[in-house]
Amino acid sequence: MNKSPNDNPIICTCFDIDKNTVEAAIDEGFDDFRKLRAVLGVAGDCGNCHRPINKLLRARRLAKAPTPQPPTRRRFPMPWRHMSHAKLEQEYSPSSCIDDFMVHINAYVTQSKEAQAQLSYQSNLAYSDEANELLDYFPAQANGPLVVFIHGGYWQELSKNESCMMAPGLLEQGINVAVIDYTLAPEAGINQMIAQCCRAVAWLISEASDLSFDTSKVIIAGSSAGAHLCASVLQAAQHNLHGLNPKSISGAVLLSGVYDLRPLVSTYVNEPLKLTLDNAGDLSPGLYSNHGFPPCIIAYGYHETLEFKRQSEEYHQQLLSDGVSSQCFAVAGRNHFDIVFDLADGDSSINKHLSQLIIELSL
């Protein structure tokens, strides 16, 4: 059966070049327009073939491009699926374990103001060209380690201004401190917050010579939602995203974090976040590989809900199974809100683990 001329149309009427001729040239390796024009003998001022040839080029590139494979999710236990709605809300409400969480929030505010008043620091440094992507930098000693703190607040509350209470204690230990802001929900989604935190860390590293810290000792730390964002930053760094690479970050301190966001979908927490089960899974670092992560310190308060404790323990086990150096422990006498004060307390288990990590990075 003879083929219809429509199966092999003329692409360039000036030079009678047909579709088969163009595709044959592409298959031979002439895979951009300039190469094609040269091998086909098309004059530079011929305008009849530009669009159809480029259309064929795009079609061939798409056909040859490998189909992107989504990262394989791993199993993260889901006991929450068997809880009543009331129980689930209780388990993911950190204040359910204490009398008055505002006592601790007020302490954040008071101690952060005291730190700002007594320390010399650089305020509102822009880590990108976007409005409100700012951080504060508290210098300790030249070429010392850096702790980058990412605050919590269930991705919808607090800011860097209430989150620098640990700066005086860390500076006394020779540790430089940066505290970053990110856009809160509902103005931003969690994926945007992760990108912002990555940009902040990447910007700090790019400014290391001016800020005078050691780029081989960059440790990110976060509490609650901040711990989730830290874990997400580690994963982004492993995939060379947002200006980071696998060598950018030297360690992490993750306090009372949530590493599987799916349980939050049907709780009050999700009202400003607007998560679905699918994108909650996509944004859950506990559902993906952690190969190549730097050492991690994971801690949670003794006075926390079973789900917050379980999430930390499960994530710790996943890190170990991926060959990551990880330590996980409960902190006696602490709850979800006041555990963050231990980051700078030299007598606390968290600070001792942080100090040991810095020593090991120096070896």
>> Let me confirm something: among Ala131, Ala178, which residue is farther than 15 Å from Phe213 by Cα and within 23 Å of the chain's Cα centre (by Cα)?
In response: Ala131
> In segment 230-254, which residues are touching a His at 6+ places or on another chain (Cβ under 9 Å) and closer than 18 Å to Glu314 by Cα?
Replying inline: Val253, Leu254
> For segment 115-129, how many residues are free of Cβ contacts under 8 Å to residues at least 40 places away in the same chain and assigned to a helix (DSSP H, G or I)?
Replying inline: 1
> Looking at segment 319-334, which of its residues are crowded, with 21+ Cβ neighbours inside 10 Å and either touching a Cys at 6+ places or on another chain (Cβ under 6 Å) or not in a strand (DSSP E or B) (or both)?
Replying inline: Leu319, Ser326
> Does segment 91-103 contain any residue that is of a type in the set (D, E, K, R) and within 26 Å of the chain's Cα centre (by Cα)?
Replying inline: yes
>> For segment 191-308, give me every one of the helices (runs of 4 or more DSSP H) that falls completely inside it and has 3 or more residues that are farther than 16 Å from Val179 by Cα.
In response: 225-238, 277-282
> Can you tell me which of Ile359, Ile298 is β-branched (Val, Ile, Thr) and out of contact with any helix residue (DSSP H, G or I) (no Cβ under 7 Å at 6 or more places or on another chain)?
Replying inline: Ile359
>> For the list (1) modelled with pLDDT under 95; (2) closer than 24 Å to Ala107 by Cβ, I need the number of the one condition that Ser163 fails.
In response: (1)
> What number of residues in segment 165-183 are buried (at least 19 other Cβ atoms within 10 Å of the Cβ) and assigned to a loop (DSSP other than H, G, I, E, B)?
Replying inline: 5
> Failed condition for Gly144, given (1) touching a Leu at 6+ places or on another chain (Cβ under 7 Å); (2) within 27 Å of Leu319 (Cβ to Cβ); (3) surrounded by fewer than 22 Cβ atoms within 10 Å (Cβ to Cβ), with all others met?
Replying inline: (1)
> Which residue pairs have Cβ atoms closer than 6 Å, lie 6 or more positions apart in sequence or on different chains, and pair a first residue in segment 184-197 that is under 16 Å from Ser284 (Cα atoms) with a second residue that is among the β-branched types (Val, Ile, Thr) and at pLDDT 95 or above?
Replying inline: Cys197/Ile150; Cys197/Val233
>> When you scan segment 120-132, do you find a residue that is polar (S, T, N, Q), at pLDDT 95 or above, surrounded by fewer than 18 Cβ atoms within 10 Å (Cβ to Cβ) and closer than 21 Å to Ser223 by Cβ, even just one?
In response: no
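The values are calculated or read from the model by the stated rules, or taken from the named source; none is laboratory data. Here the structure is a predicted model, which is why all the values come from computation and not from measurement. Virtual Cβ from ideal backbone geometry, glycine too; neighbours counted across all protein chains shown.
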